[in-house]
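Reviewing the structure listed below.
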Amino acid sequence: MENHQLVLVLDFGGQYNQLIARRVREHNVYCEVKPYKTSIEEIKALNPIGIIFTGGPNSVYEEKSPKCDPALFELGVPVLGICYGCQLMAHTLGGEVTAAQEDTAREYGKTETFYNTDCKLFKGLPEQGISWMSHGDYMAKVPEGFELVAHTDMCPTAAIADEKRGFYGVQYHPEVNHTENGSLMLKNFLYEVCHAKGDWTMGDYKNSSIKAIREKVGDGKVLLALSGGVDSSVAAALLAEAVGNQLTCVFVDHGLMRKNEGDEVEAAFSKWDINLIRMNEEDAFLGALKGLTDPEDKRKAIGAQFIRTFEKMGKQIGEQVGKIDYLAQGTIYPDVIESGKDDAAVIKSHHNVGGLPDFVDFKEIIEPLRRLFKDEVRQLGIELGLPEELVWRQPFPGPGLAIRVIGEITEEKLSILREADAIFREEMHLAGLDRTTSQYFAALTNMRSVGVMGDERTYDYAIALRAVQTQDFMTATWSRIDWELLDKVSSRIVGEVKHINRVLYDITSKPTATVEFE
């Protein structure tokens, strides 16, 4: 980004590409992820202070494995290779990488590792610790000029370094939490090797973004579809600070939101002088969902109703605001990275504006968060003065509670679910788990069962609680919540929410289950 030092992450197909970039930014250093095919000319133009190679599933000695331009090593820029990236560096610079044999260094999982703390990468770290290994290949020969700076019982080449040129390779993954002191290793690379200044902060990003938005928009008008989620809310707050009443936010309340959510969103933006249009469309959406039980049918009905709502919205905006010059979106950096794969950028950007009627015309799209990861978006929201309960709101699917009520949607079922979900979220917050659990919520099953309440037989619904831990939502493990907490949540729900007589806790990971129920 302009005026900030840049570290470049070259992606060789590893599953942790975004995580590496996030770890770099956690140390106040700006970072971007680019495909390994990025040309040497583009890399030069970006002027990075350091380059990190990600891991990847291939073997470097295979003919079709991803490679980088060898000229990259002539730029005078420090390079850190991780796993496949380490082997690629060794292979490119004259070393030898082979498939590991049974008696050599094939390693997976937590592995005791020994470090040479004279190496800049391990400065100030203990001489041994646990690292996370995941490799079936072995550096049989390291390139000339490199030294062995870490080893395990199985692998003498756990890390290599050519400190004169600033080249480092690690066979393990320092970016994951399983590697002890992995974050400090990355910090050492950034500050001891790349001489980073640490000039990337959300306070600075807020100020520079406000200035850039004002320069771009001028006296034009901006439209943002405000969903109430974290990304669109932070984008709205940033735009409100920048252009005030030149911004129109349209908040579609489809009646499928969590308890009090619509009112909370409206209240959060009352301090800014913007045009906030709240469209109360509950009757229309529930009417479109009536009688539907299949999850895909429900999603399609909601999508179709959104289009009809946007058509109505377009007419209303035309009458109240006039011509719109810019459309704003809450696109964040993971969306940009994913859409850049396999030449899919155009498809992704078109998808993001899908559903808007033709007569909502605009010059250009503004995406003020497109450089930020989710944790940075939350930090920016706090900088902008949004309420913490909004900034730290749990992830919420586009169809809302429609896919957390199993089977047909009714107002009664939605009311039951809202109350149960609010209790679960309140108790998770009181237990201090709301910011450490990746996602948690309640779902109303379509199962009814026999129970006993006040010496009377009941035949009522079962609520299912779901909580997961994940880094990327591609896979997830169920959260091991304390039994005492679950007992408290269960007691409150059956005691306070009518028509619930049973509480279940989902202990299925993804895969085989998905995070959401439908």
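The values are calculated or read from the model by the stated rules, or taken from the named source; none is laboratory data. What you see is a predicted model, and the numbers here were worked out from it, not measured in a lab. Backbone-built Cβ (ideal geometry, glycine too); neighbour counts: all protein chains shown. These accessible areas exclude ligands, DNA and RNA; they are computed on the full protein's heavy atoms, side chains included. Shrake-Rupley method; radii C 1.70, N 1.55, O 1.52, S 1.80 Å.
Numbers for the structure displayed
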read-out	value
Among (1) in a loop (DSSP other than H, G, I, E, B); (2) open to solvent by 10 Å² or more (accessible area, probe 1.4 Å) - the single one LYS110 does not satisfy	(1)
Qualifying residue in the stretch 19-27 (condition: more than 19 Å from HIS173 (Cα to Cα), surrounded by fewer than 22 Cβ atoms within 10 Å (Cβ to Cβ) and modelled with pLDDT of 95 or more)	no
Count of the stretch 40-67 residues which are more than 27 Å from the chain's Cα centre (by Cα) and assigned to a loop (DSSP other than H, G, I, E, B)	8
Matching residues, the stretch 157-204, being under 26 Å from THR111 (Cα atoms), among the hydroxyl-bearing types (Ser, Thr, Tyr) and open to solvent by 20 Å² or more (accessible area, probe 1.4 Å)	SER183
All positions within the stretch 162-214 that are free of Cβ contacts under 8 Å to residues at least 40 places away in the same chain, in a helix (DSSP H, G or I) and closer than 23 Å to VAL9 by Cβ	ASP204
From LEU372, LEU390, LEU417, LEU401, residue being open to solvent by less than 40 Å² (accessible area, probe 1.4 Å), closer than 30 Å to THR331 by Cβ and either touching a Ser or Thr at 6+ places or on another chain (Cβ under 9 Å) or without any contact (Cβ under 8 Å) to a residue 40 or more places away in the chain (or both)	LEU390
Subset of the stretch 423-450 [buried (at least 19 other Cβ atoms within 10 Å of the Cβ) and of a type in the set (Gly, Ala, Ser)]	ALA442, ALA443
Where a residue in the stretch 241-264 is in contact (Cβ under 8 Å) with a residue 24 or more places away in the chain and charged (D, E, K, R) and its partner, wherever it lies, is assigned to a strand (DSSP E or B) and open to solvent by less than 20 Å² (accessible area, probe 1.4 Å), with Cβ under 8 Å and at least six apart	ASP253/MET279
Verdict on SER490 being among the polar types (S, T, N, Q) and touching a residue at least 12 places away in the same chain (Cβ under 8 Å)	yes
Output for the stretch 205-214, where each listed residue is surrounded by fewer than 22 Cβ atoms within 10 Å (Cβ to Cβ) and of a type outside the set (S, T, N, Q)	LYS206, ILE210, LYS211, ALA212, ILE213, ARG214
Hey, LEU125 in a loop (DSSP other than H, G, I, E, B), hydrophobic (A, V, I, L, M, F, W, C) and in contact (Cβ under 8 Å) with a residue 60 or more places away in the chain or not	yes
Of the criteria (1) under 19 Å from ILE302 (Cα atoms); (2) open to solvent by 10 Å² or more (accessible area, probe 1.4 Å), which one MET453 fails	(1)
Residue selected from the stretch 131-148 under the condition open to solvent by less than 50 Å² (accessible area, probe 1.4 Å) and within 33 Å of the chain's Cα centre (by Cα), by the criterion farthest from GLY94 (Cα to Cα)	SER131
Condition met for VAL77 (open to solvent by 10 Å² or more (accessible area, probe 1.4 Å), among the hydrophobic types (A, V, I, L, M, F, W, C) and either modelled with pLDDT of 95 or more or in a strand (DSSP E or B) (or both))	yes
Candidate set from the stretch 215-230 (those that are out of contact with any Lys or Arg (no Cβ under 8 Å at 6 or more places or on another chain), in a helix (DSSP H, G or I) and touching a residue at least 24 places away in the same chain (Cβ under 8 Å)); member that is surrounded by the fewest Cβ atoms within 10 Å (Cβ to Cβ)	LYS216
Hits in the stretch 261-302 - residues which are part of a helix (DSSP H, G or I), surrounded by fewer than 19 Cβ atoms within 10 Å (Cβ to Cβ) and more than 27 Å from the chain's Cα centre (by Cα)	GLU282, ASP283, ALA284, LEU286, GLY287, ASP297
